[in-house]
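So the structure is just underneath, and the comments pick up after that.
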Amino acid sequence: MAIHPKLTKEDFEKASSGKEILDIINDKNINIDKVKKRLFYDDELKKLQIELVKLQQWISKNNKRVAIIFEGRDAAGKGGNIRRFTEHLNPRSTRLVALTKPTEVERGQWYFRRYIKELPNSGEIVFFDRSWYNRAVVEPVMGFCNETQYEKFMVQVPEFEHMLCEDNLVLIKFWFSISKDEQLSRFNARIGTPLKRWKFSPVDRKGQELWDDYTHYKEQMFSKTHTSYSPWIIVRANDKKVARLECIRYVLSQFNYEGKNKALTTLLPDPNIIMRYHRSSKQLD
């Protein structure tokens, strides 16, 4: 029977630093890849969040307006990503927008009106946990809008975003891409965890059943709303932690803020994780 090496009390007593503990672990051939991966993630996240604080101060000082949209299938990791962005930012110049279904009054208004009210003010960053793109994918798949409303939206949205761009609003559009198996795994985790059960909704339940319908409308959305002035940024998000780090890197890479040259880690996103949308016969989702 194989004997598995262990760390002893003596090992900890003779080690005077974390590095020496790691050296002992390596000498004993103890597999701690998961621990190392987590330590790397925590260290990188802290360094990147320091840069986000610098970025926010620069945006506030220079009266910039920044809107970051987080879109993707259910359980793709949008909310978790936003939490890592906002964790240490000043709430006075940061907002999260996660609108519920429209009221009867809002349903009678121009579709974009309820979102226009939520756009960033001068010196502010706004994070959209889902956005006006509900009408591009979720609403037609679930039957929450009719064909005329959908077609009108698809014609208007590029012009709407062009106006935002001309008005000097910085718009970043993320699409979080996960595989069908990964989505199912995350759904099961939500159902099995009391603290996460609230995240699982009737719409989520349909996610697997209507997978191909979501794919169809997602591709239609990309083909008609991916523009030079407002491109879609695809995030390969099967690994949540990697996706979080690379999304932050991407946002930081888009601005020349004060102190950027003193960053303690790379601010260039991994092109294997973060990429501009391109048509391909093989997609993750």
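The values are calculated or read from the model by the stated rules, or taken from the named source; none is laboratory data. Computed from a predicted structure; not experimentally measured. Glycine also receives a Cβ, built like all others from the backbone with ideal geometry; neighbour counts cover every protein chain displayed. Only protein heavy atoms, including side chains, enter the accessible area calculation; ligands, DNA and RNA are left aside. Shrake-Rupley method; radii C 1.70, N 1.55, O 1.52, S 1.80 Å.
Applying the criterion of at least 1 residues that are touching a strand residue (DSSP E or B) at 6+ places or on another chain (Cβ under 8 Å) and β-branched (V, I, T) to the helices (runs of 4 or more DSSP H) found wholly in region 175-285 leaves 211-225, 240-253. Suppose the filter is loosely packed, with under 13 Cβ neighbours inside 10 Å, at pLDDT 95 or above and either in contact with a Cys (Cβ under 8 Å, 6 or more places away or on another chain) or not in a strand (DSSP E or B) (or both); does M154 pass it? No, not satisfied. Taken over region 40-55, the criterion of being touching a Phe, Trp or Tyr at 6+ places or on another chain (Cβ under 9 Å), more than 30 Å from E182 (Cα to Cα) and not basic (K, R) is satisfied by E51, L55.
Taken as a whole, the structure places N238 among residues that are under 30 Å from D181 (Cβ atoms) and at pLDDT 95 or above.
Restricting region 253-267 to residues that are more than 21 Å from the chain's Cα centre (by Cα) and open to solvent by 40 Å² or more (accessible area, probe 1.4 Å), the residue that is nearest to E44 (Cα to Cα) is L264. Quick one: which residue in D213, D270 is surrounded by fewer than 17 Cβ atoms within 10 Å (Cβ to Cβ), of a type in the set (D, E, K, R) and in contact with an Asp or Glu (Cβ under 8 Å, 6 or more places away or on another chain)? Result of the check over D213, D270: D270. Residue count for region 93-108 under the criterion of being open to solvent by 60 Å² or more (accessible area, probe 1.4 Å), out of contact with any Asp or Glu (no Cβ under 9 Å at 6 or more places or on another chain) and not acidic (D, E): the result is 6. None of F160, F176, F187, F200 is of a type outside the set (K, R), closer than 30 Å to L52 by Cα and under 20 Å from the mean Cα position of the chain (by Cα) except F176. The set of residues in region 110-133 that are open to solvent by less than 50 Å² (accessible area, probe 1.4 Å) and among the polar types (S, T, N, Q) contains only S131. Residues considered: F70, F85. Of these, the only one that is surrounded by 12 or more Cβ atoms within 10 Å (Cβ to Cβ) and in contact with a Phe, Trp or Tyr (Cβ under 6 Å, 6 or more places away or on another chain) is F70. When the test is whether a residue is in contact (Cβ under 8 Å) with a residue 12 or more places away in the chain, buried (at least 20 other Cβ atoms within 10 Å of the Cβ) and out of contact with any strand residue (DSSP E or B) (no Cβ under 6 Å at 6 or more places or on another chain), L55 passes it. Residues that are open to solvent by less than 50 Å² (accessible area, probe 1.4 Å) and at pLDDT below 85 were ranked within region 23-52; the one that is nearest to G123 (Cα to Cα) is I32. With respect to the conditions (1) open to solvent by 50 Å² or more (accessible area, probe 1.4 Å); (2) farther than 23 Å from N63 by Cα; (3) among the charged types (D, E, K, R), R244 lacks only one, and its number is (1). If you filter region 74-101 down to residues that are modelled with pLDDT under 95 and of a type outside the set (G, A, S), you find that the one that is nearest to F174 (Cα to Cα) is D74. Hey, does region 167-182 have a residue that's basic (K, R), touching a residue at least 60 places away in the same chain (Cβ under 8 Å) and open to solvent by 20 Å² or more (accessible area, probe 1.4 Å)? Checked region 167-182: at least one residue is basic (K, R), touching a residue at least 60 places away in the same chain (Cβ under 8 Å) and open to solvent by 20 Å² or more (accessible area, probe 1.4 Å).
Within region 104-115, residues that are within 17 Å of V155 (Cβ to Cβ) have Cβ atoms under 9 Å from residues that are open to solvent by 100 Å² or more (accessible area, probe 1.4 Å) and of a type outside the set (A, V, I, L, M) in these pairs: Y111/K152, counting only partners at least 6 apart in sequence or on another chain.
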